[in-house]
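What follows is a short report on a single structure.
The values are calculated or read from the model by the stated rules, or taken from the named source; none is laboratory data. These numbers come from a predicted model, not from an experiment. Neighbour counts run over all protein chains shown; Cβ positions are idealised from the backbone, glycine included. Keep in mind that these areas ignore ligands, DNA and RNA; they rest on the heavy atoms of the full protein, side chains included. Shrake-Rupley method; radii C 1.70, N 1.55, O 1.52, S 1.80 Å.
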Amino acid sequence: MRVVRTITELRQALAGAKPAAFVPTMGNLHEGHLALAKLAREQGGPVVASIFVNRLQFAPHEDFERYPRTLERDCERLQSVGCNLVFAPDETALYPEPQTFKVVPPAELADTLEGEFRPGFFTGVCTVVMKLFQCVQPRLAVFGKKDYQQLLVLRRMVRQFELPIDVDAGETARADDGLALSSRNAYLSQAERAEAPRLASTLRGVQARLKDGARDVAALEAQALQSLRERSWVPDYVAVRRRSDLQPPSAEQVAVGEPLVVLAAAKLGNTRLIDNLEI
């Protein structure tokens, strides 16, 4: 496996090769990332992963400076699952001048849920992913369903720009107790880690109620929020939305079985966790 640090090196390494399957990451890899790389490997052809902590998607008060950076370990793990090339630029390599051109997603998709609580987040995500796509020129890109809204935003970006890239989605990887794997789980104290699976169990409760015939979505959301607050969580949202566009479903749509997803974001101590379950 080869590791390159500049766009020039990347393009030289890919020259003459078959179009790649691409796995963009911010590093500090866990089994969920490796599952995405394995999924990319199954598609045939070279597998390229990027490791880049993207400042554009962090607000000034967020954890950009302390976000874990574990490049050597990450490369070893990627090599173990058959990755062929790692693109690990620093900021000056990927942004040699201020990135004043940006990709701004539509407000109805990007300014709700995560976008409401992290203004500008999806502009940062779309801009870096578009730039990485231009650098790698993949035929396939693989993202995880844990970042459900991000997946929808990026799929729409690819479609509207007519990019010749298929977007594949890997299922959310979970620990044995149900906690969705995340690089930020490393921030949890021992006590917080024991409590953290409650976010997933709360979503399973909403999922079960809807499958059992509950129709009052607002009441389910309110009950879920209250149950988290009672355990000292600080939730941003628990929301039942249509899978197609992440808009709230009507009562009629719930009744006829519109494909739905329940999403949540909440802070436990100083750590913000997200999760979702399809219904």
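Remarks
- Taking the criterion of being part of a loop (DSSP other than H, G, I, E, B) and either aliphatic (A, V, I, L, M) or within 19 Å of Val104 (Cα to Cα) (or both), the residues of the stretch 131-174 that qualify are Asp147, Phe161, Glu162, Leu163, Ile165, Ala173.
- You will find that of Gly170, Gly269, the residue that is small (Gly, Ala, Ser) and touching a Lys or Arg at 6+ places or on another chain (Cβ under 7 Å) is Gly170 and no other.
- The stretch 240-260, residues that are within 17 Å of Val153 (Cα to Cα) and outside any loop (DSSP other than H, G, I, E, B): Arg241, Arg242, Leu260
- Within the span defined as the stretch 261-274, every residue fails to be open to solvent by 20 Å² or more (accessible area, probe 1.4 Å) and free of Cβ contacts under 8 Å to residues at least 24 places away in the same chain.
- If you go through the stretch 34-45 and keep only what is open to solvent by 30 Å² or more (accessible area, probe 1.4 Å), modelled with pLDDT of 95 or more and of a type outside the set (D, E, K, R), you end up with Ala35, Leu39.
- Residue count for the stretch 48-85, restricted to those that are of a type in the set (A, V, I, L, M) and under 22 Å from Gln150 (Cα atoms): 6.
- Among residues of the stretch 222-240, those that are in contact with a helix residue (DSSP H, G or I) (Cβ under 7 Å, 6 or more places away or on another chain), open to solvent by less than 30 Å² (accessible area, probe 1.4 Å) and either more than 14 Å from Asn276 (Cα to Cα) or free of Cβ contacts under 8 Å to residues at least 60 places away in the same chain (or both), counted: 5
- Taken over the stretch 70-111, residues that are without any contact (Cβ under 8 Å) to a residue 60 or more places away in the chain and surrounded by fewer than 12 Cβ atoms within 10 Å (Cβ to Cβ) amount to 10.
- The residue list Arg159, Arg198, Arg193, Arg209 contains one member that is within 28 Å of Ala40 (Cα to Cα) and either of a type in the set (S, T, N, Q) or open to solvent by 40 Å² or more (accessible area, probe 1.4 Å) (or both), which is Arg159.
- Residue check: Val217 meets all listed conditions (1) among the hydrophobic types (A, V, I, L, M, F, W, C); (2) more than 24 Å from Ala107 (Cβ to Cβ); (3) surrounded by 12 or more Cβ atoms within 10 Å (Cβ to Cβ) but one, namely (2).
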